[in-house]
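Undergrad: Mind looking over this structure? Questions follow.
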Amino acid sequence: MLYQIISLVLDVAVGLVCGTCLLRLYMQQQRIPMSARAGNPIGPFVFALTDWIVLPLRMALPKFAALDLASLVAAVLLELAQYLVLWLLQGANQSLALMAVLALFGVVRVALSGLIGLVMVYALLSWVQARSPVSDLLDRLVAPLLSPIRRHLPLVGGVDLSPLALLLLLQVFTLLTGGLQNLALMAVA
């Protein structure tokens, strides 16, 4: 039972910081200003939660085109640390390669969960037509994912179903990722 409690706490804490590192990566890739003065109310929170791991990594890892490698590596390292702690608590009876595979799939899982959350909040806010800095930020984050779907999916009775279609696709990717993770685990074991 203690293992389950530690696993839950680690999953929540690492998921939050890992997801924030991935959000930082995505917001920088989308060229979204990160300061509150520029209209981003979430930017200071993202910096406060991730600077401790991203900034030291940035000294060693340069940007690659528009990709912030330091934020991506930070997310992977956080997931790897989580699985290594759980591995040690279980008595280190599995291979380290297995932990690396779990960490990579953990980052993908966090990214997909984060995207699902963004799309759900975006869809809810779009129903109430709330104009705020948060809704503008969500629109800038979700619009690049929705635009290809909107080109192929017409409005139905004046209702935009593209967020629903995107949620469905993200759920399919989540299922596929779980299946790929199982195959990778069988190959490593």
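Each reported figure results from applying straightforward, stated rules to the coordinates on display, with no laboratory input. What you are looking at is a predicted structure, and each value in this text was computed from that prediction instead of being measured. Quick reminder, even Gly has a Cβ in these numbers, built from the backbone with ideal geometry, and neighbours come from all protein chains shown.
Undergrad: Assess whether LEU104 counts as being of a type outside the set (Gly, Ala, Ser), free of Cβ contacts under 8 Å to residues at least 40 places away in the same chain, part of a helix (DSSP H, G or I) and closer than 20 Å to GLY179 by Cβ.
TA: Criteria met by LEU104.
Undergrad: Also: Just checking, which of ALA187, ALA143, ALA103, ALA123 is within 21 Å of VAL14 (Cβ to Cβ) and among the small types (Gly, Ala, Ser)?
TA: After ruling out the rest, the residue left standing is ALA103.
Undergrad: While we're on this one: Yes or no: region 104-123 includes at least one residue that is surrounded by 13 or more Cβ atoms within 10 Å (Cβ to Cβ), more than 16 Å from the chain's Cα centre (by Cα) and not charged (D, E, K, R).
TA: For region 104-123, residues surrounded by 13 or more Cβ atoms within 10 Å (Cβ to Cβ), more than 16 Å from the chain's Cα centre (by Cα) and not charged (D, E, K, R): present.
Undergrad: Would you check if there is a residue in region 63-81 being touching a Pro at 6+ places or on another chain (Cβ under 6 Å) and either surrounded by 15 or more Cβ atoms within 10 Å (Cβ to Cβ) or part of a helix (DSSP H, G or I) (or both)?
TA: no
Undergrad: Tell me the residue from VAL134, VAL172 that is farther than 30 Å from MET99 by Cβ and in a helix (DSSP H, G or I), please.
TA: Result of the check over VAL134, VAL172: VAL134.
Undergrad: Of all the residues that make up region 107-128, how many are free of Cβ contacts under 8 Å to residues at least 24 places away in the same chain and either aromatic (Phe, Trp, Tyr) or over 24 Å from LEU170 (Cα atoms) (or both)?
TA: 1
Undergrad: A further question follows. Pull up region 82-97, narrow it to residues that are of a type outside the set (Gly, Ala, Ser) and surrounded by fewer than 16 Cβ atoms within 10 Å (Cβ to Cβ), then point me to the one that is nearest to TRP52 (Cα to Cα).
TA: Among them, the one singled out is VAL85.
Undergrad: If we scan region 126-140, do we find a residue that is touching a helix residue (DSSP H, G or I) at 6+ places or on another chain (Cβ under 6 Å) and under 19 Å from ARG24 (Cβ atoms)?
TA: Yes, because at least one residue in region 126-140 is touching a helix residue (DSSP H, G or I) at 6+ places or on another chain (Cβ under 6 Å) and under 19 Å from ARG24 (Cβ atoms).
Undergrad: Considering region 1-58 alone, what residues qualify as being within 16 Å of the chain's Cα centre (by Cα), part of a helix (DSSP H, G or I) and farther than 27 Å from LEU102 by Cα?
TA: The answer is GLY43, PHE45.
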